[in-house]
Amino acid sequence: MGVLAVLIALFSLIPLGYVVFMTVATGWDTAVALIFRSRVGELLLNTVLLMLVTVPLCVVLGVGGAWLVERTSLKGHKVWAVLLAAPLAIPAFVNSYAWVSAVPSLGGLWSGVLIATLSYFPLVYIPAAATLSRLDPAIEQSAASLGLGAWRAFFRVVLPQLRIAMTGGALLVSLHLLAEYGAFAMIRFDTFTTAIMVQYQSTFNGTAGNMLASVLVFFCLILLLVEVRGRGTARYARVGSGAQARALRLPLHVYQVPAQLALLALTALAFGLPLTFVLRWIFAGGPEIWAADEFAPALLQTLGYGLGGAAATVVVAFPMAYLAVRHPGWFSKALELSNYVTSSMPGIVVGLAFVTVSIRMAPDLYQTTAVLLAAYVLLFLPRALVNLRSGLAQAPKELDEAAQALGKPPLLAFLRVTLRLTAPAAAGGAALVFLGIVNELTATLLLSPNGTRTLATEFWSKSSEIDYAGAAPYALLMILISAPMTYLLFQQSKKAAGQ
């Protein structure tokens, strides 16, 4: 397992190695000239402003929604709990397509903030809600006994307990903002990813595009360091079982109606409007847009890539998860970190890395299914790794040893005990990887074999031609496929909270 984990870690460093190699190969003078130019400054300003506005908005909406659902007397809180996670089922580029349909003049920074906030606030809401649901109510009761009111207790006691959820969610939102292409390209808002894609598609200007990619990767690494720093070293676990009573819900009284209206407006804008305009374009297009020879191949290829990529990712993640759980230490942590660094890179960078490596070292592999699946594995490996690690932790090695003591061969004991107990976690990880692959756009556009038609690429092709009615079936199918996976993600967060 150790040898396999090392090989996987080395494989996962291909994109980072590509960026470093291309930066060095470009030469210092050329690299400086391409990086320190006005265009890069413009893209950097756009990106920084986008993150400075969007990330705090997502944190406020995510934490505020989680607090209303988990800590107040909100009517229908169980329904709202699911509805606030639902926007995650709609890809950001589909959200942008719907908003452009509603307001064709959308464009620029504030439009990007609007679409990104509505698309990504569930990334903060889901972990925040899970944390609040398992928070020991004794903490708040102690604060109340010391004379703190509800609001002071929230800011001084509850909010610090959400630090990990907020920093982790903010990191996910930030990385999505750096990686997103379709949503911002549709509203003509320039970011590093859109600029790299334009250069690749129009001029194949490898040097300029690679330098933009190096700046983007540097930005990602800074975000990882900031998140680790912001997470802090404080302990949030409790010793013992804690209080068994349910937390008291804060009565809303006169704020019940405003809270209901606020959540209704948020879910209507983030989920209702996109779904409405997708259905509107479907009805406008008529039955002919559902021609089987148009969407059936895209659906089948999407399912094929999703299932194949999910299975491959789980298989590749298993040695790393096994090493992390059964042989913890600095070595396993270093190997695991290499996967997180690579997964933080946008799909455009991973795609460019595989394009360059395959053309230079294995031309026969360029634009093949194997290379595309390899890119999917690197992009979504942590989704499987986290789930497998938790599953293996619930299957201690003592059970394996007991099976062997009863006469079972080591391999049979592993298959019948460890692998069997890990299967539910592996299925959950595979489902999350499948969700990511279904909605992935940039790496698929760069690496897919000729003739490949996935739901995401066909949607992008139709919408780029302003054929919004033709794009609608692909958007609806992506939503229908993504919705069960999003619900699974929400349920997993609740299960982790002991509910």
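The values are calculated or read from the model by the stated rules, or taken from the named source; none is laboratory data. A quick note: this is a predicted structure, and the numbers were derived from the prediction, not measured. Using ideal geometry, Cβ is built from the backbone for each residue, glycine included, and neighbour counts are taken over all protein chains shown. Only protein heavy atoms, including side chains, enter the accessible area calculation; ligands, DNA and RNA are left aside. Shrake-Rupley method; radii C 1.70, N 1.55, O 1.52, S 1.80 Å.
Here's the yes/no breakdown for (1) β-branched (Val, Ile, Thr); (2) open to solvent by 10 Å² or more (accessible area, probe 1.4 Å); (3) farther than 19 Å from Leu177 by Cβ:
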residue: Gly351; (1), (2), (3): no, no, no
residue: Phe354; (1), (2), (3): no, yes, yes
residue: Val357; (1), (2), (3): yes, yes, yes
residue: Ala370; (1), (2), (3): no, yes, yes
residue: Phe380; (1), (2), (3): no, yes, no
residue: Val386; (1), (2), (3): yes, yes, yes
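Residues of segment 306-349 that are in a loop (DSSP other than H, G, I, E, B) and within 30 Å of Thr194 (Cβ to Cβ): Ser344, Met345, Pro346.
Checked against the criterion of being over 22 Å from Ser343 (Cα atoms) and open to solvent by less than 30 Å² (accessible area, probe 1.4 Å), the candidates Ala298, Ala310 yield just one match: Ala298. Residue count for segment 467-478 under the criterion of being hydrophobic (A, V, I, L, M, F, W, C) and open to solvent by 10 Å² or more (accessible area, probe 1.4 Å): the result is 3. Number of residues in segment 266-293 that are free of Cβ contacts under 8 Å to residues at least 40 places away in the same chain and open to solvent by 50 Å² or more (accessible area, probe 1.4 Å): the value is 5. Scanning segment 51-69 finds no residues that are open to solvent by less than 60 Å² (accessible area, probe 1.4 Å), at pLDDT below 90 and over 25 Å from the mean Cα position of the chain (by Cα).
Suppose we keep only residues that are at pLDDT below 75 and among the β-branched types (Val, Ile, Thr) within segment 219-276. Which one would you say is nearest to Ser111 (Cα to Cα)? Across segment 219-276, the extreme among qualifying residues is Val228. Among residues of segment 40-55 that are under 17 Å from Ser119 (Cβ atoms), those with a beta-carbon under 6 Å from a residue that is among the hydroxyl-bearing types (Ser, Thr, Tyr) at least six positions away or on a different chain give the pairs Thr47/Thr191; Met51/Ser174; Thr54/Thr117; Val55/Ser174. Has segment 1-16 got at least one residue that is open to solvent by less than 10 Å² (accessible area, probe 1.4 Å), modelled with pLDDT under 80 and among the hydroxyl-bearing types (Ser, Thr, Tyr)? The answer is yes; a qualifying residue exists. What do you reckon, is Arg163 at positive phi and at pLDDT 70 or above? No, not satisfied.
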